[in-house]
Amino acid sequence: MSSHLEVGLNNKYYLCTEFELKNMNAKFGVFIEYLWIAIALFSLASGLYQWYSGDMEQASVFLMMLFVAILMYNFRRRIRLKANKKKNG
């Protein structure tokens with residue numbers, strides 16, 4: 001017996017299985033991890049550029065953003081891996 005869920009998107013409702021919904025959520029989680037990596041790389045490049053330009057105040061802001069992005073990436077990854085481990089037994 002396959003249970004279907006109604007998913008609202010732009011005022012239109014689609015039927016999808018619970019598996020499809022979980023798969024979409026998993027893909028979104030991985031996308032967010034890649035987004036944090038991109039933010040970290042941008043922050044690193046901008047921070048180094050500002051540092052070599054001599055603007056230490058701006059450099060420190062970008063390097064703090066780098067630190068936060070790395071923490072968020074690790075946090076999201078750890079949660080995803082725990083959820084996968086719990087789901088797979």
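We did not get these values from a lab; they are worked out from the coordinates using the rules stated. Remember, predicted model here, so these are calculated numbers, not experimental data. Every residue, glycine as well, gets a Cβ built from its backbone with ideal geometry; the counts of neighbours run over all protein chains shown.
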Quiz item: Relative to the present Cα-Cα distance, how much length would full extension add between Asn88 and Tyr52 at 0.36 nm per residue of separation?
Solution: 8.2 nm
Practice problem: Subtract the Cα-Cα distance of Ile32 and Arg77 from 0.36 nm times their separation in residues, and report this length gain in nm to one decimal. | Solution: 15.2 nm
Self-check item: Rough spin-label spacing in nm, given labels placed 7 Å along Cα→Cβ, for Ser60 and Leu44
Solution: 2.3
Practice problem: Compute the signed sum of charges (Lys and Arg +1, Asp and Glu -1) over the other residues within less than 15 Å, Cβ to Cβ, of Tyr34. | Solution: +3
Self-check item: Intensity falloff of region 30-82 expressed as log10 I(q)/I(0), Debye formula with alpha-carbon point scatterers, at q = 0.19, 0.22, 0.24, 0.26 Å⁻¹
Solution: -0.59, -0.70, -0.78, -0.85
